[in-house]
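**Student:** I'd like to ask you about the structure that follows.
The values are calculated or read from the model by the stated rules, or taken from the named source; none is laboratory data. Please read these numbers as outputs of a predicted model, since none were measured by experiment. Positions of Cβ are generated from backbone atoms using ideal geometry, with glycine treated the same way; all protein chains shown enter the neighbour counts. What goes into the accessible areas is simple: the full protein's heavy atoms, side chains included, and nothing from ligands, DNA or RNA. Shrake-Rupley method; radii C 1.70, N 1.55, O 1.52, S 1.80 Å.
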Amino acid sequence: MEVIGSPSAATYTHQRSTPNSFLPAISTTGSSYKNHFPYYPLPQSFNLPWMPNVYYKTAIVKPTLAPYSKSPHDLTTTKMLPLISTRTTLFPRYTPDDWHRSNKTNYNESETSRQSAELLRLDTSRLIEDKYQQTKKTQDESSKDLQVRINDIKFWKTELCRELDAMIGETKALTDEKARLERALAESEAPLQVAEECLLHRDKRLGIDLVHDDVEKGLLTEVHIIRSCQERMQQCLDRTNAQLTSNRVAQHDLEKDLTDKQVAHRIDDKCHQLRNTSEDINFYRGVERIDATISVQESWARFTDSNILRSQNERAASATLRNDIKDLLLVTANEMWSQFNEVNVAFTNRIAETTEAKNKIENHLAKTLQEIFHIEMYIEAIRKAIRDKEAPLKVAQTRLDERTRRPNIELCRDNAQLRLVNEVYEIDETVHTLQHRLREAEAMLQKLVHVKATLEYDLAVKSNTLFIDQGKCMGMRKTFPRILRLVGYV
């Protein structure tokens, strides 16, 4: 029961329920405004257009209500107003106008704060939506750029794969041509060895048959042609090895570029598939400030284009070299084969000439032997004739010797005496003539014997030449590598 005449307790000393529209204290809302975004300076577009702490400062000015108490006994003695009966002086009081003005001020301020808060909420909602749309647009553009980048990588990967397949095929084709060239070069050794052995065998000819004939000239030309072909094939083989090295370098660059493209495609495809709901996304603070790039789009495309262009140039050079190898193998095979045939024709002609000469020598030798036999018989006949003249000479000389013993006048130079003297002279002249003819016959016999020896030696020379040319040389030259072997196909 209140004392009559005492003032009522001030209403502001009792606990009032907090209006629903009144903002909570800063201590209760501070945690809800914590920023969970990565801690680094945001770009200008991410700065909020309002500062929450200003609002909080405004809210702090509002006085907090006193805790609720059920009785005035809960108040301290300093806060309890004395009863009017015990007061000796009056406390200052507000006027009703002040009270109404204060309420109105609070109402207006509350209305203004609510309107500002509503405007702030609307503006914040629009801002959030705008930033969401902006972030989504930026993310879509990034995804689109990633897709474009992936398409570019796919394009260059396709070009690299196509060029790499072409380069691998070209390298294999050039390797096959190199193997053909090596086989052809190895096959040329046999004809060269045959030609050199033919020259060595022909050096064993005897006497006059050591002639620098067409066969000798052809063999020397054949050796020169084969060595020239081998030199050209060796030079072409060196070029082929160098071209294969260039092809492998270009192929290695293509493979390395293709491997890098595959890794980049896998990474960019993974980045393109990342979404806001992906599990493997995380903060990487400061990654945007790291610039690890070493090229731009132009230099990136130019690098791959240069690799492809270099590979195409090497392929073109390799194809040209393969055609050169084919032409060279055909030319060298035809040259060696033509010269081989010419030498064989020369051998055939020379063998025919030698055989004809040998046959003639044999004929002359036979005739010479027959003539020697005849001259020997003739010499024996001359000798017998000379021996046959001894008895008539003895008879004539004996007669003359006996007639010298005729006495005196009987030593008459009669016809018998003259005839006997003439007979002795005739027989002596006959013997001298026969002896001269015997000497001529013996000289002729010696000449025929010398001719026989010469013919026999020449016949042995021709036989040796025929054995070398026909037996040895042509025996080796019967088998010559076929054209297919000379061009390296077998």
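**Student:** Sort through 179, 184 and tell me the only one that's part of a helix (DSSP H, G or I), out of contact with any strand residue (DSSP E or B) (no Cβ under 8 Å at 6 or more places or on another chain) and open to solvent by less than 20 Å² (accessible area, probe 1.4 Å).
**Tutor:** 184
**Student:** So, in the range 100-152, of the ones that are hydrophobic (A, V, I, L, M, F, W, C) and surrounded by 13 or more Cβ atoms within 10 Å (Cβ to Cβ), which residue ends up farthest from residue 262 (Cα to Cα)?
**Tutor:** That would be 117.
**Student:** OK, next. Has the range 385-399 got any residue that is surrounded by 14 or more Cβ atoms within 10 Å (Cβ to Cβ), more than 20 Å from residue 437 (Cα to Cα) and among the basic types (Lys, Arg)?
**Tutor:** There is at least one residue in the range 385-399 that is surrounded by 14 or more Cβ atoms within 10 Å (Cβ to Cβ), more than 20 Å from residue 437 (Cα to Cα) and among the basic types (Lys, Arg).
**Student:** Please go through (1) modelled with pLDDT of 90 or more; (2) within 55 Å of the chain's Cα centre (by Cα) for residue 337 and return the number of the only condition it doesn't satisfy.
**Tutor:** That leaves (1) as the condition not met.
**Student:** When you go through 315, 387, 302, 350 one by one, which is the residue that is among the basic types (Lys, Arg), farther than 30 Å from residue 186 by Cβ and either touching a residue at least 40 places away in the same chain (Cβ under 8 Å) or in contact with a Cys (Cβ under 7 Å, 6 or more places away or on another chain) (or both)?
**Tutor:** 350
**Student:** Related question: Please identify the pairs in which a residue from the range 234-246 that is part of a helix (DSSP H, G or I) has its Cβ atom under 8 Å from the Cβ atom of a residue that is open to solvent by less than 30 Å² (accessible area, probe 1.4 Å) and among the acidic types (Asp, Glu), counting only partners at least 6 apart or on another chain.
**Tutor:** 240/177
**Student:** Could you please find all residues in the range 247-278 being in a helix (DSSP H, G or I) and polar (S, T, N, Q)?
**Tutor:** 247, 251, 259, 262, 273, listed by residue number.
**Student:** Any residue at all in the range 257-271 that's buried (at least 16 other Cβ atoms within 10 Å of the Cβ), in contact (Cβ under 8 Å) with a residue 24 or more places away in the chain, under 28 Å from residue 324 (Cα atoms) and out of contact with any Pro (no Cβ under 9 Å at 6 or more places or on another chain)?
**Tutor:** no
**Student:** Within the range 201-233, count every residue that is assigned to a helix (DSSP H, G or I) and either among the aliphatic types (A, V, I, L, M) or more than 30 Å from residue 458 (Cβ to Cβ) (or both).
**Tutor:** Adding up the residues that qualify gives 15.
**Student:** Here is a list: 488, 475. Which entry is surrounded by fewer than 16 Cβ atoms within 10 Å (Cβ to Cβ) and either at pLDDT below 90 or charged (D, E, K, R) (or both)?
**Tutor:** 475
**Student:** OK, next. Considering only the range 402-412, I want to know if a residue exists there that is at pLDDT 90 or above, among the charged types (D, E, K, R) and more than 52 Å from the chain's Cα centre (by Cα).
**Tutor:** no
**Student:** Could you say which residue among 253, 214 is acidic (Asp, Glu), surrounded by 10 or more Cβ atoms within 10 Å (Cβ to Cβ) and touching a residue at least 60 places away in the same chain (Cβ under 8 Å)?
**Tutor:** 214
**Student:** Considering only the range 346-354, I want to know if a residue exists there that is among the charged types (D, E, K, R) and within 60 Å of the chain's Cα centre (by Cα).
**Tutor:** Yes, the range 346-354 contains at least one residue that is among the charged types (D, E, K, R) and within 60 Å of the chain's Cα centre (by Cα).
One line per residue, one yes/no per condition, for (1) in contact with an Asp or Glu (Cβ under 9 Å, 6 or more places away or on another chain); (2) modelled with pLDDT of 90 or more:
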{"site": "288", "(1), (2)": "no, no"}
{"site": "313", "(1), (2)": "no, yes"}
{"site": "318", "(1), (2)": "yes, yes"}
{"site": "328", "(1), (2)": "no, yes"}
{"site": "351", "(1), (2)": "yes, yes"}
{"site": "384", "(1), (2)": "no, yes"}
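**Student:** Return only the number of the condition from (1) within 30 Å of residue 239 (Cα to Cα); (2) touching a helix residue (DSSP H, G or I) at 6+ places or on another chain (Cβ under 6 Å) that residue 357 does not satisfy.
**Tutor:** The one condition residue 357 does not meet is (1).
**Student:** Any residue in the range 338-355 that is surrounded by 11 or more Cβ atoms within 10 Å (Cβ to Cβ) and farther than 30 Å from residue 219 by Cβ?
**Tutor:** no
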